[in-house]
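The values are calculated or read from the model by the stated rules, or taken from the named source; none is laboratory data. Worth saying up front: this structure is predicted, and the values here are computed from it rather than measured. Cβ sites come from the backbone with ideal geometry, for glycine too, and all protein chains shown count toward neighbours.
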Ligand SMILES: [Zn+2]
């Protein structure tokens, strides 16, 4: 017998697909130009379309600073985000609802706790940001660029939504809830060994094959290596084979 929860979820998904379909011409015109989808077969594309439809129904994508967000823009973001959860399931995007699009890179000046209380951090200019249990914030200019001509290991949508998978269990530490059958011990061993090796390379000034930003924290390591997994799997396989293996088991 099928568990009731799964049946209800499927029924809910069917209702969404029937009542809120993405028009065929929009889906075709958006997805045929997106580099990430070049390697997907028709079956995978059909599945991705279902998940994108669900995403657009469940999440809100809004523009700020005068950016008008059209349906093709929403599909561009949602479809690439859903590539991460294509084989994990929609529950991996639970716990948040909003995506905010800026026209370009945006400036942040977060408060930080120190001995004096809350003080402003140094201002930074970002292409994307993901808040734990809060919105994903993206620069549309960077989303567009990565959609059509990403560089190996650079993809802002994959990066920020990978943080969402990581944060699903309440904290971002490079350990998302793993699939059934995967070992937390093996995951932690593979990722921490490669993370520490990268940190050593960065601190000793050696050149790295992986974007050195990954050495910022275990959470950034997971997000950056997820970008490599989808955009440059061969580099990842060569530099960090054990991480590649773990990410293959996770993302499938
Ligand atoms: Zn990050």
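Pull up the stretch 215-235, narrow it to residues that are under 23 Å from residue 167 (Cα atoms) and either more than 17 Å from the chain's Cα centre (by Cα) or at pLDDT below 95 (or both), then point me to the one that is surrounded by the most Cβ atoms within 10 Å (Cβ to Cβ).
Top of the filtered list is 215.
Hey, can you tell me all the residues within the stretch 237-247 that are in a helix (DSSP H, G or I) and in contact (Cβ under 8 Å) with a residue 12 or more places away in the chain?
Answer for the stretch 237-247, where residues must be in a helix (DSSP H, G or I) and in contact (Cβ under 8 Å) with a residue 12 or more places away in the chain: 238, 239, 242, 243, 244, 245, 246, 247.
Of all residues in the stretch 147-159, which are touching a residue at least 40 places away in the same chain (Cβ under 8 Å), at negative phi and crowded, with 18+ Cβ neighbours inside 10 Å?
147, 150, 154, 155, 157, 158, 159 - these are the residues of the stretch 147-159 that are touching a residue at least 40 places away in the same chain (Cβ under 8 Å), at negative phi and crowded, with 18+ Cβ neighbours inside 10 Å.
Exactly one condition in (1) more than 27 Å from residue 38 (Cα to Cα); (2) within 16 Å of the ligand (Cβ to nearest atom) is false for residue 208; which is it?
(2)
Looking at 242, 249, which one is within 28 Å of residue 32 (Cα to Cα) and away from the ligand (no atom under 14 Å from the Cβ)?
That would be 249, the only listed residue that is within 28 Å of residue 32 (Cα to Cα) and away from the ligand (no atom under 14 Å from the Cβ).
Look at the stretch 160-198 and say how many of its residues are within 16 Å of the ligand (Cβ to nearest atom), touching a helix residue (DSSP H, G or I) at 6+ places or on another chain (Cβ under 6 Å) and more than 24 Å from residue 146 (Cβ to Cβ).
1
Output yes when any residue across the stretch 64-72 is out of contact with any helix residue (DSSP H, G or I) (no Cβ under 7 Å at 6 or more places or on another chain), part of a loop (DSSP other than H, G, I, E, B) and over 15 Å from residue 140 (Cα atoms), and no when none is.
no
For the stretch 73-105, what are the residues that are surrounded by fewer than 17 Cβ atoms within 10 Å (Cβ to Cβ) and more than 15 Å from the chain's Cα centre (by Cα)?
Across the stretch 73-105, the qualifying residues are 103, 104, 105.
Tell me yes or no: at least one residue of the stretch 130-145 is assigned to a loop (DSSP other than H, G, I, E, B), crowded, with 19+ Cβ neighbours inside 10 Å and within 13 Å of the ligand (Cβ to nearest atom).
No, because not a single residue in the stretch 130-145 is assigned to a loop (DSSP other than H, G, I, E, B), crowded, with 19+ Cβ neighbours inside 10 Å and within 13 Å of the ligand (Cβ to nearest atom).
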